[in-house]
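One structure is given here, and the rest of the page talks about it.
The values are calculated or read from the model by the stated rules, or taken from the named source; none is laboratory data. Here the structure is a predicted model, which means the values were calculated and not measured. Cβ sites come from the backbone with ideal geometry, for glycine too, and all protein chains shown count toward neighbours. Side chains are part of the model used for accessible areas, which takes the heavy atoms of the whole protein and leaves out ligands, DNA and RNA. Shrake-Rupley method; radii C 1.70, N 1.55, O 1.52, S 1.80 Å.
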Protein chains: 2
Amino acid sequence: LGGLHAIPRSEYEQRCERLRELLLACRLDALVVTAEANLRYFAGFAPHLYVSPTRPWFAVLPLANEPFAIIPEMGLADMRRESWLSHIDSWASPRPADEGVSLLVEALLALPRRFGRIGFELGPETRLGMPIADFLSVRDRVAGSLEAADGGALVQQLRGAKSSLELSFMRSAIAAAQFAFDSLGKRVKPGLSEDEIYRTFQADALLGGGERTPYVAIGSGPDGYDSIVRGPTTRRLLTGDILGVDTGVTVAGYWADFNRNMAIGRSCEEAHFAYRTLWRAQEAAMKILRPGVRASDVWRTMADLLPSASSSVGRMGHGVGLDYTEPPSIHPNDHTVIEAGMVVTLEPSFSYLAGGASGGERFMALEEDFFMTDDGSVLLTGRAAAELPIV
Amino acid sequence: LGGLHAIPRSEYEQRCERLRELLLACRLDALVVTAEANLRYFAGFAPHLYVSPTRPWFAVLPLANEPFAIIPEMGLADMRRESWLSHIDSWASPRPADEGVSLLVEALLALPRRFGRIGFELGPETRLGMPIADFLSVRDRVAGSLEAADGGALVQQLRGAKSSLELSFMRSAIAAAQFAFDSLGKRVKPGLSEDEIYRTFQADALLGGGERTPYVAIGSGPDGYDSIVRGPTTRRLLTGDILGVDTGVTVAGYWADFNRNMAIGRSCEEAHFAYRTLWRAQEAAMKILRPGVRASDVWRTMADLLPSASSSVGRMGHGVGLDYTEPPSIHPNDHTVIEAGMVVTLEPSFSYLAGGASGGERFMALEEDFFMTDDGSVLLTGRAAAELPIV
C-alpha cells in the first residue's frame, strides 16, 4: 500500500473483523463512515482534500460483505494507490444536486439485510462529513427497508485500543512536539511575541518530524495566563510572565497532546505552588492509571489533591488518537473502564490568585500522555519537571 | 476586540445587517451557525479548540434580536475577550447527555416568532459542527413551534463578497504561500523527497507570515504527476520529473489557494504543451472574468481551449475565503453570476500522455486567485510563468 505510512493489510482486516463483532452485537447490517479519522481508520485512506466541504467521501463496512468506498471521481487514483479496499465506486463531482447520495442509497439497499439497521456517525463526539440535508435524504430514501442508527459509539470503542503501529505514530508525533518544545526553551525570552512563538513552534514541530500542526494553543501573562485553549495574540513576553503552550502535532493522522509551562526569569510563589500541586496530582493519578480503573476514579484522585476541583475545562484528561480528543473523559460522571491499548492524557488544571504586583485570577494546566499496557501505564511524553521551570 | 487580527465591530454589524435582509427574504426568524468559518464570520471568534469534537459551539443570529452565543464554559474568557458579541451563555462541558442542546432549544423557543422557521447549516457544501443526533433532538424539541430550514445557502451568499479587510487577510495568506514557493524553487533538486518538501513548505509558509498550513498537496513523477490532491509520499525527485505543489495557507482563517509546477532539469514536449495550454486557457478566462459573467461561461472559455474538457477534478475553479473551497464552482452546470467582491480561482486541468521514456497518463493543473472588482478582476497571486519552469 502506498502513502507515507505503510500499514499492513492485515491490520485493516483485523479492524474490520472486530467491527463485525460489534455490528453483530449492536444489530447493525453495516456501518457508514464519513469523518476523516474514520475513513483513515477503516479504509486506510482519508482524502488529503478533506478540508474542502464540496465533496463527501463514504466508506461502507457491511456485516456480511466486503467493505467498499463511494468517493468523488477526483480521488480514485489516490485511493486506489493507498487504500486496501478493492471496491471503490465514484461519481463525477461536484454535483450538488446528488453529491453521492443516490450511489450510497443504492449501495445500502443492495446489502444483505439481517437487522434492517445501518450505523452512521450520529452520537456524542462525532461530526458527519456530509451535508445534513443529504444525510436526511439518504435516511428517508432507505426508510422503508433500513433504519439509520447511531454507529458512533462502536467506532469510538474500536478506535480506543491502539495497535503497536498506531502507538508508534503517536510516539513520532510526541517526539516532533518535544523537538519544538526543546527549541522553544532555547528561544524564549522577553520581547518574543505569542504570534512568533505560534509560528516558529509549528515550523519546529514540522522540521522535527511532524506532518501537520493543526493545534497550538498559547497563553502568557504576568504570574500566569488565563486560558490554555486560545490562539496567539500580539502580546510580547515580559520578565515575570508564565508561558503555557499546548499542542497539537500529528503523524499519519495520529495526535500528540501535551503542554509545557515556563516562567520567564521569575514568578510568584502562588504560581510555583499551582504548578507543584498539579504535578503531584498527576503523580498520584499515574499510580492508579491502569486497565480496570474507571475514568471517574482517575478524576477523583487528582481532584482530591487540588485546592479547587472545579475548572472551566470541565475534565482532567481524555483519550487521544486519530482525533485530538476521544472518549473517555477524565470526568466525575464518566465511568468508562480504562482498557489496555488506550492512550489517555492526564490534564489537571485549576485557577489561582497571582501573588505578584499584578494580582488577579490565573489559570494553569499540566498535561502528559499515557499508553495503557496490560497491567499498568507507560508515560509517552517526557515528564515535565517537578517544579515550574524558569527560563 | 482582542486576538491577532482586529476586525472592527462595525464590520460585524454590517454582516449582521446584510444577514437580516436575507433572513427576511428567506422567511427565517434566525440563523444558527456551528461551523468554524461561520462562527468566525458572524461572532468574530471561532474556538481555537474547534479540532476537538467533544464540544459544539453555537452562534444564534436572530432577525429581531441581538445576536448571541451559546458555548462551553471553557471558552468564556477567550470569547469575551475576542468576540464583539456581548451576550454569551455557557454550560459546563463535557456533558454528553446534554451538550448545549437544552440551552439552544430554550433560546430558540424564546425568540420573537414571525415566520416560525430557523435556518441551520444543512445544504450543499456545509458541515454541521455538532453531532447529528443532537441536531435532530433540537429539531424535534422545537418542532411544535419552529421548523428547521436550510440557512447554508444564504450564509454562502453573504460570505461570497469579501470586504477590503477580508481581502487583506487573503493577500497575506497568498504572500506567505508565495514565500514558501520561492524558497522551494531555491531548494528543489534531485534527491529531495516529497515528504521533505511537504514539511519544509509548511515551515516556510509559517515563517513567511502564514498562521496555519492545513493543506499542502504534492505530486511528482517522470514527465508529470497523476494527482494534485494527494499528500506526500517518500518518493524522491529525479531529473526529468515534474513537481506540482498546491496550497493551502491561512491568515486570520482566510485561505490562499494556488499551485505551482516545475520540471527538474528537463521535461518532455508533451508536458510543456500541457502547461502552455493550461496557461493560455487561464489567460482567456482572465479576459472575461468580471461581475456579471456566469461561472459556467468562465468554464466554457477554458474548456474550449483544452484538448479534453473532462478532468476528474470536475471543475476549473471555485470561490475561496474562510473555507478552502466555497461556491460557486467553475463548472458547466453552475450558472451562478459572478459578483463584485468575490475571490475565485481559475484552475484548469487535464490529462496528457507523457512523451518521455516513461510514457503513460499524466495530469496537470494550474491555479491562480482573483478578486472581483466592480468592473473587472484583479490577479491576487503572482502570475505563474507562461512556460513550464525548469529548475
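Find, among the trypsin sites (Lys or Arg not before Pro) in region B:1-47, those assigned to loop by DSSP (not H, G, I, E, B) with at most 14 other beta-carbon atoms within 10 angstrom. Write out the running numbers ahead of the final one.
Values: sites: B:9, B:15, B:18, B:20, B:27, B:40; in loops: B:27.
Filter output for region B:1-47: B:27.
Quick one: with label points 7 Å out along Cα→Cβ, list the inter-copy distances for residue A:189 in nm, shortest first?
Taking the point 7 Å beyond Cα along Cα→Cβ, the inter-copy spacings are 3.2 nm.
With everything on Cα atoms, drop me the angle between helix B:164-187 and the longest principal axis of chain B, reported from 0 to 90° to the nearest 10.
For helix B:164-187, the angle is close to 30 degrees.
Please name which of A:84, A:138, B:278 has its Cα lying farthest along the dipole of the protein assembly as shown towards the positive end, using unit charges on Cβ (Lys, Arg +1; Asp, Glu -1) and the Cα centre as origin.
B:278
So for region A:130-253, averaging the separation of alpha carbon pairs under 8 Å that are six or more residues apart and normalising by length, what relative contact order in percent results? Present the calculation step by step, with values, prior to reporting the outcome.
Details: 168 pairs, mean separation 30.8, N = 124.
Reported as a whole number, the value is 25 percent.
Report, by chain and number, residues whose modeled amide H sits under 5 Å from the one on residue B:149, excluding near sequence neighbours (fewer than 5 apart, same chain).
Residues meeting the amide H criterion: B:118, B:119, B:120.
How large is log10 I(q)/I(0) at q = 0.17, 0.18 Å⁻¹ when the Debye formula is applied to the Cα atoms of region A:1-54, each weighted equally and without solvent?
Result of the Debye calculation: -0.64, -0.70.
I want to check the label-to-label distance for residue A:280 and residue B:308. Put each point 7 Å from Cα in the C-beta direction and report it in nm to one decimal.
Label at residue A:280, label at residue B:308, 7.1 nm between them.
Residue by residue, what Karplus-based ³J(HN,Hα) values in Hz, rounded to whole numbers, does region B:43-48 have, using 6.51, -1.76 and 1.60 with θ = phi - 60° and x for Gly and Pro?
9, x, 7, 10, x, 4
Could you list which residues have their amide H under 5 Å from that of residue B:248, counting only those 5 or more apart in sequence or on another chain, with H placed in the peptide plane?
B:256, B:257, B:258
What are the label-to-label distances in nm, one decimal and shortest first, from residue A:360 to the same spot in the other copies, with labels 7 Å along Cα to Cβ?
Listed shortest first, these distances are 6.1 nm.
So what's region A:264-306 giving for Rg/Rh, alpha carbon basis, Kirkwood Rh from the mean inverse pair distance?
Numbers: Rg = 13.1 Å, Rh = 11.4 Å.
Rg/Rh: 1.15.
Just for the Cα atoms in region A:229-335, what are the lengths along the principal axes, largest first, rounded to whole Å?
45, 37, 22
Using a label point 7 Å beyond Cα on the Cα-Cβ vector, give me the inter-copy distances for residue B:373 in nanometres, one decimal, shortest first.
Output for residue B:373: 6.9 nm, nearest copy listed first.
Return the long-range amide H neighbours of residue B:225 (sequence gap of 5 or more, or a different chain), with a cut-off of under 5 Å between placed amide H atoms.
Those qualifying (amide H under 5 Å, at least 5 residues apart or on another chain) are B:363.
If you place +1 on the Cβ of every Lys and Arg, -1 on the Cβ of every Asp and Glu, and leave all else neutral, what size is the dipole of region B:255-391 about its Cα centre, to the nearest 20 Debye?
Values: 11 positive and 18 negative charges, 77 e Å.
It comes to approximately 380 debye.
For the protein assembly as shown, compute Rh as the Kirkwood radius over C-alpha pairs and then the Stokes-Einstein diffusion coefficient at 20 °C and 1.002 mPa s; write the answer in µm²/s, rounded to an integer. Walk me through the numbers on the way to the answer.
Values: Rh = 26.9 Å.
Using the Kirkwood radius from Cα pairs, D works out to 80 µm²/s.
Quick one: Cα convex hull volume of chain A, Å³ per residue? Mind dumping the intermediate values first?
Working: hull volume 53.6 nm³, N = 391.
Per-residue hull volume (Cα only) is 137 Å³.
For region B:1-128, divide the Cα radius of gyration by the Kirkwood radius and give the resulting Rg/Rh value with two decimals. Numbers along the way, then the final one.
On the way: Rg = 14.1 Å, Rh = 15.0 Å.
Reported Rg/Rh (Cα atoms, Kirkwood Rh): 0.94.
Taking the Cα centre of the protein assembly as shown as origin, sum charge times position over the Cβ atoms of Lys and Arg (+1) and Asp and Glu (-1), and report the length of that vector in debye to the nearest 20. Don't jump to the answer; show the numbers that get you there.
Values: 76 positive and 98 negative charges, 86 e Å.
In debye, rounded to 20, the protein assembly as shown gives about 420.
Taking the Cα atoms only, what angle lies between the long axis of helix A:194-207 and the longest principal axis of chain A, rounded to 10 degrees?
So the inclination is approximately 60 degrees.
Taking the Cβ of residue A:65 as the center, what net charge do the other residues with Cβ under 15 Å away carry, scoring Lys and Arg +1 and Asp and Glu -1?
Numbers: positive: A:20, A:113, A:114; negative: A:13, A:17, A:29, A:66, A:89, A:106.
With Lys, Arg at +1 and Asp, Glu at -1, the net is -3.
Could you go through region B:82-98 in sequence order and give the Karplus-derived ³J(HN,Hα) for each residue, using 6.51 cos²θ - 1.76 cosθ + 1.60 with θ = phi - 60°, rounded to whole Hz, and x for Gly and Pro?
9, 8, 7, 6, 9, 10, 10, 9, 8, 9, 6, 10, x, 8, x, 6, 7
Taking the alpha-carbon centroid of each part, what is the distance from region A:271-306 to region A:95-125 in angstrom?
So the two Cα centres are separated by 43 Å.
Give me the number: length gained by fully extending residue B:14 to residue B:76, i.e. 0.36 nm times residue separation minus the C-alpha to C-alpha distance, one decimal in nm. Don't skip to the answer; put the middle values down first.
Working: separation 62, 0.36 × 62 = 22.32 nm, distance 2.44 nm.
Residue separation times 0.36 nm, minus the Cα-Cα distance, leaves 19.9 nm.
Could you do me a favour and compute the accessible area per residue for the protein assembly as shown, 1.4 Å probe, result in Å²? Could you put the intermediate results ahead of the total?
On the way: 26420 Å² over 782 residues.
Value for the protein assembly as shown: 34 Å² per residue.
Quick check: the angle from helix A:132-142's long axis to the longest principal axis of chain A, C-alpha only, nearest 10 degrees?
Rounded to the nearest ten degrees, it is 30.
For region A:323-391, which GluC sites (Glu not before Pro) are in a loop by DSSP, counting at most 15 other Cβ atoms within 10 Å?
Numbers: sites: A:339, A:361, A:367, A:368, A:387; in loops: A:339, A:367, A:387.
Qualifying residues, ordered by number: A:339, A:387.
Hey, any idea what the orientation-averaged projected area of the convex hull of region A:125-199's Cα atoms comes to, in nm²? All intermediate terms of the calculation are to be shown ahead of the outcome.
On the way: hull surface 35.3 nm².
Its Cα hull, projected and averaged over all orientations, spans 8.8 nm².
Under 10 Å, Cα contacts only: if you run a Gaussian network model on chain B, which one of B:175, B:37, B:107 comes out with the highest mean-square fluctuation?
B:107
For region B:146-151, take each phi angle, set θ = phi - 60°, evaluate the Karplus expression 6.51 cos²θ - 1.76 cosθ + 1.60, and give the result in whole Hz per residue in order, putting x for glycine and proline.
9, 9, 8, 10, 6, x
Got a sec? Charge dipole of region A:246-391, +1 on Cβ for Lys and Arg, -1 for Asp and Glu; which of A:310, A:357, A:371 is way out at the positive end?
In region A:246-391, that residue is A:357.
Point me to the residue of chain A whose C-beta lies closest to the A-onto-B rotation axis, rounding the distance to whole angstrom.
Value returned for chain A: A:203, 2.
Can you compute log10 of I(q)/I(0) for region B:309-391 with the Debye formula, treating each Cα as one identical point scatterer, at q = 0.11, 0.12, 0.19 Å⁻¹?
Calculated log10 I(q)/I(0) at the listed q: -0.38, -0.45, -0.93.
State, in square angstrom and to the nearest 100, the accessible area buried between chains B and A, both chains counted, probe radius 1.4 Å.
On the way: alone 16190 and 16180 Å², together 26420 Å².
What B and A bury together is about 6000 Å².
Report the local net charge at residue B:361: Lys and Arg +1, Asp and Glu -1, summed over other residues whose C-beta lies under 13 Å from its C-beta.
Values: positive: B:362; negative: B:223, B:226, B:270.
Taking every Cβ under 13 Å from that of residue B:361, the sum is -2.
Once you've got the GNM for chain A with C-alpha springs shorter than 10 Å, pick whichever of A:328, A:94, A:67 has the biggest mean-square fluctuation.
Of the options given, A:94 has the highest mean-square fluctuation.
Say we join alpha carbon atoms closer than 10 Å with springs in a Gaussian network model of chain A; which of A:190, A:222, A:56 then has the biggest fluctuation?
The residue that fluctuates most here is A:190.
Once every DSSP H run of n ≥ 4 in chain B is given -39500 (n - 2.57) and the sum is divided by its residues, what mean residue ellipticity at 222 nm do you get, rounded to the nearest 500 deg cm²/dmol?
Helices in chain B give a 222 nm mean residue ellipticity of -10500 deg cm²/dmol.
Report the charge-dipole magnitude of region A:18-164 in Debye, nearest 20, computed about the Cα centre from +1 at each Lys and Arg Cβ and -1 at each Asp and Glu Cβ.
Numbers: 16 positive and 17 negative charges, 80 e Å.
Computed charge dipole of region A:18-164: roughly 380 debye.
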